[in-house]
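Notes follow once the structure below has been shown.
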Amino acid sequence: MAQAVELPRNEEGIATALGILKQRFGDRFHTGQAMRDQHAHTTTYIKPQAPDAVVFPTSTKEVSDIIKVCAIHHVPVIGYGTGTSLEGHVNAPAGGICVDLSTMDKILSVNADDLDCVVQPGVTREQLNTYLRDRGLFFPIDPGANASLGGMASTRASGTNAVRYGTMKDNVIALEAVMADGRVIRTAQRAKKTSAGYDLTRLLVGSEGTLGLITEVTLKLQGIPEAIRAARMSFPSIDAACQAVMTTIQYGIPVARIELMDELNVR
């Protein structure tokens, strides 16, 4: 396991913030070792580094309140979704407060005619697709885990569907986020045609919580295909497999998902 980087801790500021947030959030604020360890554990090879506390907000205002307290007392903030990513960004090398957004799990609206929806960050990919199933729609990004959509936006998730539907950056229309000083911003509207101002949505997608915590996501939806066929093909080399994929795309064949399994993976 790789050695984790240790950073200086602001012990006085952390202690003050812990006291304020404990009073504010009560039983939704946890400092127990088991809970802290759980929120430092991911599948990354980096050694886990637990936060000093974990808090479970239920609204954008509560996220803003948490970040304002941490900003005043110079305490690190770590965003947390479902803990399925590989990047190690939930580690807390200088301690701090882990903001678990899993309790913000409401699907706020579905605009079937416009092929978009608005969700809170704790909604998972499978939860959304189950909700959409009766409408003939689905959200196509599949990173291989039942990740939260806020986390998928934060890490710019992709998956085997990317060959047809793109990655998370291509499917996020707008975001609501709480910035480092507690201010709440919206990066765009639902309008498809817009060229005004900075593309802040693309800046926040993939930022892994370093610019702000995402508290609402507007996503593109797709129609569920009427029929799906799957095929497995063998090739004499990886180059031959890549050439076949390129030829398929050049012919305009609507392939939704492609995955390469080399000899080592198969074995």
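The values are calculated or read from the model by the stated rules, or taken from the named source; none is laboratory data. If you're wondering where the values come from, they're calculated on a predicted model, not measured in any experiment. Here Cβ is always computed from backbone atoms with ideal geometry, including for glycine, and neighbour counts include all displayed protein chains.
Brief remarks follow.
- Hits in segment 162-180 - residues which are within 20 Å of Ser85 (Cβ to Cβ), surrounded by fewer than 18 Cβ atoms within 10 Å (Cβ to Cβ) and of a type outside the set (Lys, Arg): Gly166, Asp170
- Test: Val90 is surrounded by 14 or more Cβ atoms within 10 Å (Cβ to Cβ) and either out of contact with any Leu (no Cβ under 6 Å at 6 or more places or on another chain) or assigned to a helix (DSSP H, G or I) (or both): yes
- Matching entry among Asp27, Asp65 (being of a type in the set (D, E, K, R) and either outside any helix (DSSP H, G or I) or within 25 Å of the chain's Cα centre (by Cα) (or both)): Asp65
- Leading residue by the ranking (farthest from the chain's Cα centre (by Cα)) among those in segment 68-93 that are at pLDDT below 95 and within 15 Å of Thr210 (Cα to Cα): Pro93
- Qualifying residue in segment 227-243 (condition: under 17 Å from Gly166 (Cβ atoms) and surrounded by 11 or more Cβ atoms within 10 Å (Cβ to Cβ)): no
- Screening the candidates Val99, Val118, Val110 for the property of being outside any loop (DSSP other than H, G, I, E, B), of a type in the set (A, V, I, L, M), over 18 Å from Met152 (Cα atoms) and more than 12 Å from the chain's Cα centre (by Cα) yields one hit, Val110.
- Extreme residue, surrounded by the fewest Cβ atoms within 10 Å (Cβ to Cβ), among residues of segment 181-217 that are within 14 Å of Val118 (Cβ to Cβ) and hydrophobic (A, V, I, L, M, F, W, C): Ala191
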